[in-house]
Amino acid sequence: MINSFEHKKIRTSKLPLSWQADGALSELETFLQENWEQRSIFYTDGQVTSRQQFIDFDVKDGIKLQNYIGTIIYRGEQLNIFPKVFKNDEDDYDTDDLQVDALINNLVIWLGYCDRLNFPFVTMRGELSGAENLLELFITIYVHYALAAINRQRYYQYEDVTESGTFVKGRIDFRDYAMRKYPSGQHQTMDFTYSSFVFDNELNRIIKCTCAMLLNVTQQRANKEILRTLLMKLGDVATVNCLPYDCDTVHLSALHKNYRIILSMSKMFLLNKVNSYSMGATDTFCFLFPAEILFEGFIGGYMREMLMGEAKVTTQASDQYLADLVVDGEYVSSAFLLREDILVETANSVFVLDTKYKEIDRFEKIKENKKLGISDNDMKQMAVYAAKRGAKKLYLLYPLHLHEKPETIEVRYDIKLDDRGASAKVPLEIMKVPFAFEENPEDTKILLSAILSKVISEG
């Protein structure tokens, strides 16, 4: 097992021996490419490139991890990618003290609030706490949702059934009758097709196949028990070996939206089998989250829960445009959609918050570096938000490292806006907020709440 940080290079000599074999890294890249093409099942990361961005293989003597965190299991070896906020300081990439259970515990917390992912984790915070590794974490999510869905509402679907007989219902196969039945003297028998509302349908066959595979994979007793229960409940469903792309042929109505996450995760597990024709293959598995989306989604979800009843919190607000498109003097449409990470609205004020999963200087260095490492583009973006929203105050939020103490200095930039000749200023406060949780998460939540509560208390 290898533990490393995002954005870290791993030399070939430090990789497991099975990964150093001829052609192994090329196969790994192909495997990651398949997962990259299916990532939209769970999240949209804004990447437009078709080539996978999880790991850079075009580096000399090794591989370079990108800004995705999670786990990769390949050829029986596991690579755990930790977020950079777990580093002791900016330049410390020592991985000796990294613990997988710490990564799991943090992921459970982050996913419990994150609304940028197509996982309703927030309803499962308690069940996820016992996961022994990341693979078991996803298996736990899957079995609980599958069992809840089947207990709540079994999925039945109309499917075409073809039969042969003298009493006809549905559509008759006249071609078969004329070409085969009648010439052979079977003129009283016809083939016909009709629709039947059945439990033994494509979706349930996919779920059953996935459960059978996971029963051979999981090592957790609780997961095994639930999987056996699921297989018993699906006893009337045909046992078939499903392929990941079979999931694309299932179309769920709004009445069965609770099955969408189950179908998505089924595809993920089926995709991650080494060989689609061999049940229970456990040599490969991949699930990686974009770190910046986790940070943004966690902060947004946490604020929504924290400020419930006090303010309206909207994530990814997108009802404002930067410009109008005019062609030959005629208005065509609005253009260049603005998208604020977090919009907080109270009865009297509007606040815009943007999360930046970046490292900036400690505030005590403000006299040495008046920008603190904040990019010009980020500041210009906030100025546009201020002008378009009429926001009373702006906030840029950056993550604290795990062992980094909160800032004691307040840093604010007063953004100058030209309002029809009159000089107007909107304060932009820089905040560093806890993102990594230590042994007692409640202490970190108290600190996080205290920092974020300033958003509306100052309004």
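Relative contact order of segment 284-335, please, whole-number percent, based on alpha carbon pairs below 8 angstrom and at least 6 residues apart.
Here the relative contact order equals 20 percent.
Hey, what's the Kirkwood Rh for segment 307-457 if you take every pair of different alpha carbons, in angstrom?
By the Kirkwood definition, the hydrodynamic radius is 17.2 Å.
Quick one: go through segment 3-25 and flag any residue whose amide nitrogen is under 17 Å from the point 7 Å out along the Cα-to-Cβ line of Gln53.
What the label zone holds, given the 17 Å backbone N cut-off, is 6-8.
Check the straight Cα-Cα distances from Lys9 and name the lysines below 24 Å, setting aside those fewer than 8 residues away within the same chain.
Lys60, Lys64, Lys84, Lys87, Lys356, Lys358
Along the positive direction of the dipole of segment 334-459 (beta-carbon charges: Lys, Arg +1; Asp, Glu -1; about the Cα centre), which of Ser449, Leu428, Phe336 reaches farthest?
Highest projection toward the positive end goes to Phe336.
Label 7 Å along Cα→Cβ of Leu325; segment 11-54 residues with amide nitrogen under 18 Å?
none
Below 8 Å, C-alpha to C-alpha, sequence gap of six or more: please give me the relative contact order for segment 271-386 in percent.
Relative CO of segment 271-386 lands at 17 percent.
Which FRET efficiency, nearest 0.05, do Lys312 and Ser453 yield, Cβ-Cβ r, R0 25 Å?
That pair, Lys312 with Ser453, gives E of 0.95.
How far is the Cα center of segment 1-56 from the Cα center of segment 356-420, in Å?
Comparing the Cα centres of segment 1-56 and segment 356-420, I get a distance of 33 Å.
How would you rank Met232, Met306, Met379, Met265, going from fewest to most other Cβ atoms within 10 Å of each one's own Cβ?
Least to most surrounded, the residues fall as Met232, Met379, Met306, Met265.
No value in this document is a laboratory result; all are computed from the given coordinates. This one's a predicted model, so the numbers in the text were calculated from it and none came from an experiment. Note: ideal-geometry Cβ built from the backbone for every residue, glycine included; neighbour counts use all protein chains shown.
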